[in-house]
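Below is one structure, written out as structure tokens, with a few remarks after it.
The values are calculated or read from the model by the stated rules, or taken from the named source; none is laboratory data. Values in this document were obtained by computation on a predicted structure and should not be read as measured data. Ideal geometry is used to build each Cβ from the backbone, glycine not excepted, and the neighbour counts take in all protein chains shown. Side chains included, ligands, DNA and RNA excluded: accessible areas come from the protein's heavy atoms. Shrake-Rupley method; radii C 1.70, N 1.55, O 1.52, S 1.80 Å.
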Amino acid sequence: MKIAFVGKGGSGKTTLSSLFIRHLAATGAPTVAIDADINQHLGAALGLDDAEAAALPAMGGHLPLIKDYLRGANPRITSTDTMIKTTPPGEGSRLLRVREDNPVYDACARPVELDGGTVRLMVTGPFTDADLGVACYHSKTGAVELCLNHLVDGPGEYVVVDMTAGSDSFASGMFTRFDMTFLVAEPTRKGVSVYRQYKEYARDFGVALQVVGNKVQGPDDLDFLRAEVGDDLLVTVGHSDWVRAMEKGRPPRFDLLEDTNRQALQTLRAAADATYERRDWERYTQQTVHFHLKNAQSWGNERTGADLAAQVDPGFVLSEQVVATA
């Protein structure tokens, strides 16, 4: 299951996504965690110290390798230089699977041991000195989008992505790549404003969206969220001594997390798992193509000097039944 955590800056989306990842690890579920926020905090939230977090390989730094691997023997892609963040898979492309070992994971993923299990952690990478003043951070997240376009996952497998803050996720088609999107919202006007934007932008794309109320301190906060987001409010999370200790770098054993918050995580997982029966791989593939053609016309053709529409394989549908190319 592909799951995104979104929300305004400071909403607690990284904290909630890290708790969810810990919950999955504690049950032994195969999990790939991806920090797609240019402000890289997921590693620290999963217990890495500053040096360990800084040493994580940036996916953007391995983009040539990622492109070369995913291109495989796809005859519609003449060279990796013509691959952009939205390039869709086709016959001959290599696909990524959660449980396998492959050169992309070897280069970009690092195991993180958590209570009860180990997850693979991947990060976009932060801005470098060379990027400052000249680079758009969306180019950093392009490697994540390209990998998600080529990812095939099944039930009981999880890819959890901590997304960019606010509505910036809509600067690419990556917001359509998920089975479930959890929007973390505080009980404030600013907290629910991102929800309204996300709801409006995602309306025509069949995005499954549920709100997680965070920093809820009492009935008044709960009533406010219910009035503002209605039935999209899935669950709320309140104060946590466990989280406070984690933020200080001294997390207790995960089984000591408060029962109410543990139940909230179980609710999130159940909601994500329930989307599996509604998967529509054909629509998923069509959306990949839709955004690829938009990007090709807007900037991709000019930048690469190629007609990127020719990369679309009209007979290809990504699904769990597709046989990966060796």
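Side notes on the structure shown:
- Tabulated pairs, the range 243-259, first loosely packed, with under 12 Cβ neighbours inside 10 Å, second modelled with pLDDT under 90, C-beta under 9 angstrom, 6+ apart or interchain: Arg253/Asp115; Asp255/Asp115; Asp255/Gly116
- Residues of the range 40-53 satisfying the condition of being within 10 Å of Val123 (Cα to Cα) and assigned to a loop (DSSP other than H, G, I, E, B): Gln40, His41
- Pair list, Cβ under 7 Å, 6 or more apart: the range 70-82 residue among the acidic types (Asp, Glu), other residue open to solvent by less than 70 Å² (accessible area, probe 1.4 Å): Asp81/Thr304
- The single residue among Thr181, Thr164, Thr128 that is at pLDDT 90 or above and either part of a helix (DSSP H, G or I) or of a type outside the set (Phe, Trp, Tyr) (or both) turns out to be Thr181.
- Checklist (1) in a helix (DSSP H, G or I); (2) touching a strand residue (DSSP E or B) at 6+ places or on another chain (Cβ under 8 Å) applied to Asp81, failing item: (2)
- Residue count for the range 103-125 satisfying the condition of being out of contact with any Pro (no Cβ under 9 Å at 6 or more places or on another chain), modelled with pLDDT of 95 or more and surrounded by 16 or more Cβ atoms within 10 Å (Cβ to Cβ): 3.
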